[in-house]
Structures are given as C-alpha cells and as structure tokens.
Amino acid sequence: MTILEILDYAGVAVFAATGALSASRKQLDIIGYLFLASVTGIGGGTMRDVILGATPVFWVLKPNYLLVCASVSVVLFFTAHLFYSRYRVLVWLDAIGMSAYCVMGAAKGLAATGSPAVALVTGMLTATFGGVLRDLLVGEPSVLLRPEVYVTAALIGSGVFVVATMIGLPLVATSALGVMSAFTIRAGALKYGWTLPIGKASPGRDPDDVM
C-alpha cells in the first residue's frame, strides 16, 4: 500500500475505535458499537468524497473499510472495560485519527482539484466530521465546542502537507510533516490547554429569556 492508503486505513481504524469507545461509555450493545464505529470511521471520508463528487464514495468501492470498522468494534466490545479511563483513550485516539485523516483529506482534495484552498477544506472536514457525528449521536459535548484547539490542528496539518507538496518534497516526507504538525498541535492542546483568543461577546442568553 502507498503511504496515503496506510493513512486512510489508519484514520478509519482509529476513528472507528473512538466510536466504539463512545458506545462503551454509553453501555450500548454490539449493534451500537458497530453503528458508532462505522459512522465515526467513515463519516469524514464520506463527507469529503461527496463534496469532491467522488461517487460512489470510498467505502462503497472498497468495502474493506467497513470490515475494519466492524473488526475494531468487535475487539473493543470485549476489551473496552479494561481501560482505566476510556475518555482519555478516546481523546488521544481522536488526536491520532485527526492527524492522519487531515493529510489524507488534503491529499485527495489537492489531487482532485489542484487547489490548495480546497485541499485545506477537505483536509479539515475529513479530519473532524466523523468525530462531530460521534459526539452528536451519543450526546457528548462536541469536540468543536471544547476550548482547546481542534480544527486548528487539522488546518495546520493540512496546510503543512499542502505547502510541502507544492515545494516538491517526496510524498513520505510531506505526509510525515503533515501528520506530525497536526498531532503536535493537538497534543499540546490536550496536555497544556492551548486555545485561541475568544470573542469578547457575552454568553448567549437562554432562548426562553429572549422570547
């Protein structure tokens, strides 16, 4: 497999694991594990392919991705209870998946359109959409609403990959630089609470108070 195919499978597998861990936290049955693992694992890539018009989407053309999600969910169905803190494992696996998937998404966007701007968007969406779906489905606070940087890390990883590609570095080097950049930023955010400046507006009022 090429380095991009490895990143693709790695991103699907790791995101699927975060979906299965969310199912474990909600004490769901095996079907719940399979569903959340699959939605999380292929959600970002599906959004990317739909936006790029690459249909049928990747997992329809290559059902092996579904087998990866199913395998991960079954393994975690029997082993998730062994982790001391499932949420801690979840967020760090999410950081790894995001780092791999932002590069994969940017690579597909750049190959399909040749536009660096489009590559940045597809990299960001590929890396974040599956996690957003996971959190919405299980009723957890979305990763997008957490104070520490998340989307920013995906954008930086995508940007580093695109710039390195445009200056002519080999694919292995551009992929490694993109993944390492995204993971370093996200890891720093998780460990040290890195955030971007927030707006000065006051918090929104309850809708009942406004009406």
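Taking the stretch 78-89, which residues are open to solvent by 10 Å² or more (accessible area, probe 1.4 Å), among the hydrophobic types (A, V, I, L, M, F, W, C) and assigned to a helix (DSSP H, G or I)?
Of everything in the stretch 78-89, those that are open to solvent by 10 Å² or more (accessible area, probe 1.4 Å), among the hydrophobic types (A, V, I, L, M, F, W, C) and assigned to a helix (DSSP H, G or I) turn out to be PHE78, LEU82, VAL89.
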Within the stretch 140-179, the residues that are closer than 24 Å to LEU34 by Cβ, touching a residue at least 24 places away in the same chain (Cβ under 8 Å) and not acidic (Asp, Glu) are VAL143
Limited to the stretch 52-77, what total is found for residues that are crowded, with 18+ Cβ neighbours inside 10 Å and β-branched (Val, Ile, Thr)? 2
Conditions (1) open to solvent by 20 Å² or more (accessible area, probe 1.4 Å); (2) touching a Leu at 6+ places or on another chain (Cβ under 8 Å); (3) closer than 27 Å to LEU21 by Cα; (4) among the hydrophobic types (A, V, I, L, M, F, W, C); number of the one not met by MET104: (1)
Does at least one position in the stretch 12-35 carry a residue that is over 16 Å from GLY109 (Cβ atoms), acidic (Asp, Glu) and at pLDDT 95 or above? yes
Residue within the stretch 61-72 that is of a type in the set (Phe, Trp, Tyr), within 19 Å of GLY11 (Cα to Cα) and assigned to a helix (DSSP H, G or I) present: yes
Select, from LEU76, LEU82, LEU66, LEU137, the only residue that is under 18 Å from the mean Cα position of the chain (by Cα) and closer than 30 Å to GLY193 by Cα. LEU137
Only helices (runs of 4 or more DSSP H) wholly contained in the stretch 108-211 count here; list those with 3 or more residues that are open to solvent by less than 80 Å² (accessible area, probe 1.4 Å) and closer than 26 Å to LEU93 by Cα. 116-138, 151-166, 171-192
Checking the conditions here, which among ASP8, ASP49 is crowded, with 24+ Cβ neighbours inside 10 Å and closer than 30 Å to VAL162 by Cβ? ASP8
I'm told GLY32 meets every condition in (1) surrounded by fewer than 17 Cβ atoms within 10 Å (Cβ to Cβ); (2) assigned to a helix (DSSP H, G or I); (3) free of Cβ contacts under 8 Å to residues at least 12 places away in the same chain except one. Can you identify the failing condition by its number? (1)
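The values are calculated or read from the model by the stated rules, or taken from the named source; none is laboratory data. These numbers come from a predicted model, not from an experiment. Here the Cβ is made from the backbone with ideal geometry for all residues, glycine too, and neighbour counts use every protein chain on show. These accessible areas exclude ligands, DNA and RNA; they are computed on the full protein's heavy atoms, side chains included. Shrake-Rupley method; radii C 1.70, N 1.55, O 1.52, S 1.80 Å.
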